[in-house]
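In what follows, a structure is listed as structure tokens, so that the remarks can point back to it.
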Amino acid sequence: MAVLVTGGAGYIGSHTVAALLERGEEIVIVDNLQQGHKEAVLGGKLYSGDLRDADFLGTVFQENDIDAVIHFAASSLVGESMKDPGKYYHNNVYGTLCLLEKMNQYGVKKIVFSSTAATYGEPENVPVDELDRTLPTNAYGETKLAMEKMMKWFDVAHGIKFVSLRYFNAAGAHESGKIGEDHNPETHLVPVVLQVALGQRPHISVFGEDYPTDDGTCVRDYIHVSDLADAHVLAVEKLRKGGGSAIYNLGNGTGFSVKQVIDIAVEVTGREIPAVFEARRAGDPAVLVASSARARQELGWSPSRSKLEDIIGSAWAWHQANPSGYNK
Ligand code: UDP
């Protein structure tokens with residue numbers, strides 16, 4: 001029995017493939033390699049293609065004995081989603097529809113879904129609980145919420161059970177040093193800050209200094225990518241044991257402001273990281289911090305790499321060893 005990982009050549013997908021390999025799972029990966037890197041796939045059988053290509057996806061299901069899917073393949077940039085929402089609906093929502101229809105056709109009844117704190121929008125409570133209101137402030141979060149709702153109705157109609165994992169801010173790199181974060185263009189705070197430390201950028205642009213937070217910059221809950229990967233493995237196990245559909249937040253439960261992240265990166269790297277304050281980025285909520293109590297109780301998940309110094313330290317090791325990412 002194989003696990004199909006869509007988007008398995010991407011950042012969180014590749015770390016999840018690594019975690020599945022450590023457990024001896026048979027793995028099939030589908031990635032269109034638009035954002036992903038084939039060098040990030042440490043094992044398993046990689047198919048290069050798009051979920052929206054029905055013939056291609058049919059071949060993948062035909063050729064493999066798939067019992068569960070972990071679905072990462074999606075566009076995931078808040079800023080881009082505000083400028084080009086159509087891309088997000090097409091790639092994310094339509095791509096997920098194609099996947100669910102194929103799963104239904106082949107009788108695959110388990111899916112673990114890569115969701116996001118962006119489904120909440122500006123949260124009504126901090127930390128955010130899974131039952132809190134979902135009112136996305138950006139098109140990216142709206143498409144992820146639409147994908148979750150699609151899975152709910154495929155469960156009602158076809159019995160496809162889903163576990164949706166709403167992550168807060170993924171960061172860090174694999175302890176082996178073999179894989180890490182490499183987006184093109186890079187827009188995420190931790191890698192951009194480390195590119196400044198490496199001298200690849202003159203400064204970090206801080207988006208907004210007038211948020212209702214202690215220092216005026218946005219607060220986020222940073223979680224190690226390998227801790228996220230572990231949660232996906234646990235979610236597959238839960239579904240294999242007959243667990244029902246569920247939604248879980250994944251975060252450390254502690255918020256750090258953009259300024260605090262920069263300060264910690266200065267400590268970790270021992271380099272100067274000049275900051276320039278700019279306007280707010282459209283679609284950004286002020287504070288996103290997770291309550292992950294349910295994931296701890298029901299999945300038995302417990303993040304083991306929680307210190308932000310260590311998360312940034314692992315990312316720094318990757319960036320220093322791979323200053324051009326996967327492009328050698
Ligand atoms: N951010 C920033 N400068 C950057 C990139 C990000 O000030 O160059 C801020 C962004 O406004 C947000 C936080 O850092 O408040 C985390 O952003 P990121 O894009 O890493 O993740 P997101 O929260 O959008 O998933």
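Quick rundown of the values:
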quantity	calculated
Inter-probe distance in nm under a simple model that places probes 7 Å from Cα toward Cβ, at His183 and Tyr326	1.5 nm
Quarter of the Cα convex hull surface for region 67-206, i.e. its orientation-mean projected area (nm²)	10.6 nm²
Karplus-derived 3J(HN,Hα), 6.51/-1.76/1.60, for each residue of region 198-212, Hz, glycine and proline x	7, x, 7, 9, x, 7, 9, 8, 9, 8, x, 10, 10, 7, x
Prolate/oblate/rounded call for region 134-182, Cα gyration tensor, a/c under 1.5 rounded	oblate
Kyte-Doolittle at least 1.0, axis length at least 15 Å by Cα - qualifying DSSP helices, the chain	258-269
Cross-link partners of Lys178 among aspartates and glutamates (Cα-Cα below 16 Å; sequence separation of 8 or more within a chain)	Glu22, Glu39
Region 156-211 and region 267-328: distance between their alpha carbon centers, rounded to Å	7 Å
Efficiency of FRET between Ala54 and Asp214 - r from beta-carbon atoms, R0 51 angstrom, step 0.05	0.50
Principal axis box of the chain, alpha-carbon based, largest edge first, Å	53, 44, 37
Dipole axis of the chain (+1 Lys, Arg; -1 Asp, Glu on Cβ), positive-most option in Pro136, Gly107, Gly79	Gly107
Point-charge dipole on Cβ atoms (K/R +1, D/E -1) for the chain, about Cα centre, debye to 20	580 debye
Simple Cβ-charge dipole of region 103-258, Lys/Arg +1 and Asp/Glu -1, about Cα centre, in debye nearest 20	980 debye
Global geometry of region 1-103, whether rounded, prolate or oblate, following the gyration tensor of its Cα atoms and the 1.5 cut on a/c	oblate
Cα-centre dipole for region 1-87 with unit charges at Cβ (Lys and Arg positive, Asp and Glu negative), debye to 20	280 debye
Compactness index (Cα Rg / 2.2 N^0.38 Å), region 149-252	1.41
For Arg280, residues with placed amide H under 5 Å, excluding near neighbours	Gly208
Proximal lysines to Lys161, defined as alpha-carbon separation beneath 16 angstrom and excluding residues fewer than eight positions away on the same chain	Lys102, Lys109, Lys110, Lys149, Lys152, Lys238, Lys241
Of Ala117, Val3, Val192, farthest towards positive along the dipole that unit charges on Lys, Arg, Asp, Glu beta carbons give the chain	Val3
Whether region 23-62 is rounded, prolate or oblate, judged on the alpha carbon gyration tensor where a/c under 1.5 counts as rounded	oblate
Proportion of all alpha-carbon pairs of region 204-268 beyond 13 Å (%)	72 percent
For region 188-328, alpha-carbon Rg and Dmax in angstrom	17.1, 52
Cut-off under 5 Å, modelled amide H: who pairs with Ala246 long-range	Phe162, Val163, Ser164
Whole-Hz ³J(HN,Hα) from phi, Karplus 6.51 cos²θ - 1.76 cosθ + 1.60, for region 26-35, glycine and proline x	7, 10, 10, 10, 10, 8, 7, 6, 6, 10
Mean separation of Cα contacts under 8 Å (6+ apart) over length of region 1-100, as relative contact order %	31 percent
Residues of type lysines that Lys259 reaches as a straight line, Cα spacing below 20 Å, ignoring anything fewer than 8 places off in the same chain	Lys307
Inter-part distance where region 1-77 and region 229-258 are each reduced to a Cα centre, Å	19 Å
Rounded to whole Hz, the Karplus (6.51, -1.76, 1.60) HN-Hα couplings of region 115-121, x for glycine and proline	10, 8, 5, 5, 5, 7, x
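Bear in mind that the values in this text are calculations on the coordinates, not laboratory data. Note that the structure is a prediction, hence the values are computed from the model and not measured. No Cβ is skipped: glycine too gets one built from the backbone with ideal geometry, and neighbour counts run over all protein chains shown.
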